[in-house]
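Taking it in order: structure first as structure tokens, then the write-up.
Bear in mind that the values in this text are calculations on the coordinates, not laboratory data. Just so it is clear, the structure is predicted and the values come from calculations on it, not from any experiment. Neighbour counts are summed over all protein chains in view; Cβ atoms, including those assigned to glycine, are modelled from backbone coordinates with ideal geometry.
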Amino acid sequence: MAVRDSCLRDSMLLQDIISGIASAGSAPLSAAGLAGLLLRERGRRTNGNTVGSYLRALQDSLLIRRSARYDIRGRRQVGSPFSYFFADTGLLCAASGFAAPQYGRLIETAVYCELIRRGYEVSAGILYDRKDSPYETGLAVRHIDEQAYITVRCGTGPVNGSGRKMAQLCRIPDSFPKIVIERDVFRSFTDELGIRHISPEDFLMDEHSVFS
């Protein structure tokens, strides 16, 4: 079903929702949470049911993909909120008004789309702390009986979002491959913690960059 063939009548709300997804990156979003975000940032009054219908139309039109969260310790998928990814980087740029999107979001979208193209199951990996608060670890990738964790790193500062994901990646309590994709890597290497570091170019050009 194309968006234009659906029952969506408010084109401005549709644009606001698309812009909200672009600004959120891979951060988990619920329909109600996105409605609240639109109210705070754009003064747009709507509700979770309405936003949910627009999100479903965007998914049916193959403009965005919804990715469930994956509880790494519990080894199970978790429901709402979900992470949303555009179907390609061109759509992300268009949703950002053709202004240059943040590098990390651009590369994470490219990585996500490539993983889907390779036929892998991709979720947003999370770890729960002792207070049952979820922390993002990047992408949890599964294929048949194989599994890996991937984080896109675009900075090194202590408050940088990718830096927090990197710290959580180190805490994952299993031996599945852990991969960091970062632009300042000129030659792939494995660090002392067993984490493999690879450039976006090498990841995209090597079909076996996740599972050899």
If you keep only loop residues by DSSP, which chymotrypsin sites (Phe, Trp or Tyr not before Pro) in region 166-212 have at most 10 other Cβ atoms within 10 Å of their Cβ?
-> F186
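Using only C-alpha atoms and all pairs of different ones, pull out the Kirkwood radius for region 1-77 in Å with one decimal. Before the final figure, lay out the partial values.
On the way: mean 1/r = 0.0754 Å⁻¹.
In region 1-77 this quantity evaluates to 13.3 Å.
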Quick calc: nm separation of the 7 Å Cα→Cβ label points for D145 and E121 -> 1.5 nm
Using only the Cα atoms of region 3-205, construct the convex hull and provide its projected area averaged over every direction, in square nanometres to one decimal.
-> 12.5 nm²
Förster radius 41 Å - calculated FRET efficiency between D10 and R171, Cβ distance, rounded to 0.05 | 0.45
For the chain, the longest site-free run once GluC sites (Glu not before Pro) in DSSP loop states with at most 11 other Cβ atoms within 10 Å are removed = 1-191
Report relative contact order for the chain in percent, whole number only (criteria: Cα-Cα under 8 Å, sequence separation at least 6).
-> 13 percent
May I ask you to list the trypsin sites (Lys or Arg not before Pro) in region 60-133 that are in a DSSP loop and have at most 12 other Cβ atoms within 10 Å of their Cβ?
-> R73, R75, R130, K131
Step through the residues of region 170-185 one at a time and calculate ³J(HN,Hα) from phi using the Karplus curve (6.51 cos²θ - 1.76 cosθ + 1.60, θ = phi - 60°), rounding each to whole Hz and writing x for Gly and Pro.
-> 5, 8, 5, x, 8, 9, 5, x, 10, 10, 10, 9, 8, 6, 8, 9
Among I18, N47, I116, the residue whose Cα sits farthest towards the positive end of the charge dipole of region 3-205, when +1 is placed on the Cβ of each Lys and Arg and -1 on the Cβ of each Asp and Glu, is N47
Ranking F82, F176 by Cβ neighbours within 10 Å, fewest first, what do you get?
-> F176, F82
Computed, not fitted: 222 nm per-residue ellipticity of the chain from DSSP H runs ≥ 4 (each -39500 (n - 2.57)), nearest 500, equal to -11000 deg cm²/dmol
Charge dipole magnitude, Cβ of K and R +1, D and E -1 - region 3-205, Cα centre, debye nearest 20 | 540 debye
Cβ-placed point charges (K, R +1; D, E -1), dipole of region 62-109 about Cα centre in debye, nearest 20 | 320 debye
